[in-house]
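Taking it in order: structure first as C-alpha cells, then the write-up.
What follows is calculated from the coordinates using simple rules that are stated; it is not laboratory data. Note that the structure is a prediction, hence the values are computed from the model and not measured. No Cβ is skipped: glycine too gets one built from the backbone with ideal geometry, and neighbour counts run over all protein chains shown.
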Amino acid sequence: MKAAAPPASLDGVLNVCKPVGMTSHDVVDAVRRLAHTRRVGHAGTLDPGASGVLVLALEHATRIAEFLANADKEYRVEITFGRSTDSGDAYGRTVHETPSVLLTAQQVTAVLPRFAGEIQQIPPMASAVHVGGRRLYELSRQGAEVQVPPRTVHIYALELREFIPASPPRAMLHVACSKGTYIRRLCSDVGDAVGCGAYASFMVRMRVGRYEVASSATLEELQALAEQDRLREAVLPMDDALTEFPAVDLLPPQRQAAIHGQPIPLFRVAHWQRLVGAQVVRLRDAGRLIALAKVEEGLLKPFKVLRD
C-alpha cells in the first residue's frame, strides 16, 4: 500500500474492518505502513477466512491492548451441516462427512440451549492456544497427539437467525460471547449435537466491546485518509475505550507526578470517595487520558503511563 507523510500523534484505537483472505497480522502490517510507525498492535486476532471488527491499538494505546482484548464479542456465523473438519472451518481437512442430511430448523433450535451460559470448550487444534509451551497449530502440523484441556467461556446469546434447508443445510447464527470463545469449535459442537457434524462456513465479527462493524473503516478508506494526511480522523481516543473504569482529572502538579509514575494521595483528587474500591482508575489531563492507576494504601499508583 502506498503511504503518505506521517501524521501528527496517532495515540488511540482504530476500528478496522478486516477483509476475508488477510491475516490479522497482514492488517497490522498495512496500518504500520500507512501510519509510519511500528507501534501498532491488535486486541485479538480474527481468522483469515473471517471478516469484521479488528481492533488495533496505535502508539501509546498499545499499552492498553490487554484491556481491549478482554472485551465481549458478537459474531454472525454461517454454519454448514453434514461435514466436520479438523479446524472447524471450511479450510480444514475433512474428518467426517454425512452424505445426505435431513435436518430442520426446529432440531437446530432445540440443541442451542446446551451451549448457552457458562460452558466448557475445548479449543480446536488449529488455534494459537499454548499446550506444554507449544501452540496447538504447531503441534497439529507435526501430527502430534495432545490432550487439550477445556476452558471456561461464556455464551451470552446464541440465536438461530436463518435456516436454509438446502443440500447441505445451512444456518445463520448470532453469537454474543466472552473473550477466548472459539466460534469454529462452537459450530463443530452444534453439528455434533444434531448428529451430522458441521463447520463454520463464513463468519463476521460484528462487535468487540464498544466497537461495531457498522462504524469500522476498511483498509481502502484508511489508505484514502492517509494519502490526504487525514488518518488521525479515523483514530479513536484511548479514553473512550476504557469507560468501564472511573476517571479523574488531575491538577498540573498531579499530572507531572502521574507521567513520571509517582503515586498521588487519593484524598487530594476531586470526589476521591467514588474511587475507593476501584480496580483501575483513568488519570486524565483536561480530558486526555495520561495514565492508568490502581488504588492501594490510600494512593493512586500509576501502572501504565500513556504520555511521554
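Of the trypsin sites (Lys or Arg not before Pro) found in the stretch 68-103, those that fall in a DSSP loop while having at most 15 other beta-carbon atoms within 10 Å are Arg93. Taking the Cα atoms only, what angle lies between the long axis of helix 24-35 and the longest principal axis of the chain, rounded to 10 degrees? Tilt relative to the chain: about 40 degrees. At q = 0.10 Å⁻¹, what is the base-10 log of I(q)/I(0) for the chain according to the Debye formula with one equal point scatterer per Cα and no solvent? Please give it to two decimals. So the normalised log intensities work out to -0.67. Contact order for the stretch 245-305, expressed relative to its length and based on alpha carbon pairs under 8 Å spaced 6+ residues apart, stands at 39 percent.
The residues packed around Val53, meaning those with a beta-carbon under 14 Å from its beta-carbon, carry a net charge of +3 if Lys and Arg are +1 and Asp and Glu are -1. Scattering from the stretch 178-308 was approximated by placing one identical point on each alpha carbon and applying the Debye formula without solvent; log10 I(q)/I(0) at 0.18 1/Å stands at -0.96. With helices as the sole contributors, the chain gives -5500 deg cm²/dmol at 222 nm; each DSSP H run of n ≥ 4 counts as -39500 (n - 2.57), and the sum is divided by every residue. The HN-Hα couplings worked out from phi for the stretch 291-297 by the Karplus form 6.51 cos²θ - 1.76 cosθ + 1.60 (θ = phi - 60°) are 6, 10, 9, 9, 9, 9, 6 Hz, whole numbers, x standing for Gly and Pro.
Cα centroids of the stretch 88-108 and the stretch 258-286: how far apart, whole angstrom? Cα centroid to Cα centroid, the span is 54 Å. Pairs of alpha carbons in the stretch 1-127 separated by more than 21 Å make up 55% of all such pairs. Backbone geometry of the stretch 47-55 corresponds, through the Karplus equation with coefficients 6.51, -1.76 and 1.60 at θ = phi - 60°, to 3J(HN,Hα) couplings of 4, x, x, 9, 10, x, 5, 10, 8 Hz, x marking Gly and Pro.
Here Lys294 is the anchor, and the aspartates and glutamates within straight C-alpha reach of less than 20 Å, apart from those fewer than 8 places off in the same chain, are Glu66, Asp239, Asp240, Glu244, Asp249, Asp285, Asp308. Within straight-line reach of Lys179, meaning a Cα separation under 19 Å, sit the following lysines at least 8 residues removed in sequence or on another chain: Lys18, Lys73. For the stretch 246-255, the Karplus equation 6.51 cos²θ - 1.76 cosθ + 1.60, evaluated at θ = phi - 60°, returns couplings of x, 10, 9, 8, 8, 7, x, x, 5, 4 Hz by residue, with Gly and Pro reported as x. Using a/c under 1.5 as the rounded threshold, could you call the stretch 245-305 rounded, prolate or oblate? The axes a ≥ b ≥ c are square roots of the C-alpha gyration tensor eigenvalues, and prolate needs a/b larger than b/c, oblate otherwise. The shape class here is rounded.
Which percent, nearest 5, of DSSP beta bridges in the stretch 245-305 are antiparallel? Close to 80 percent.
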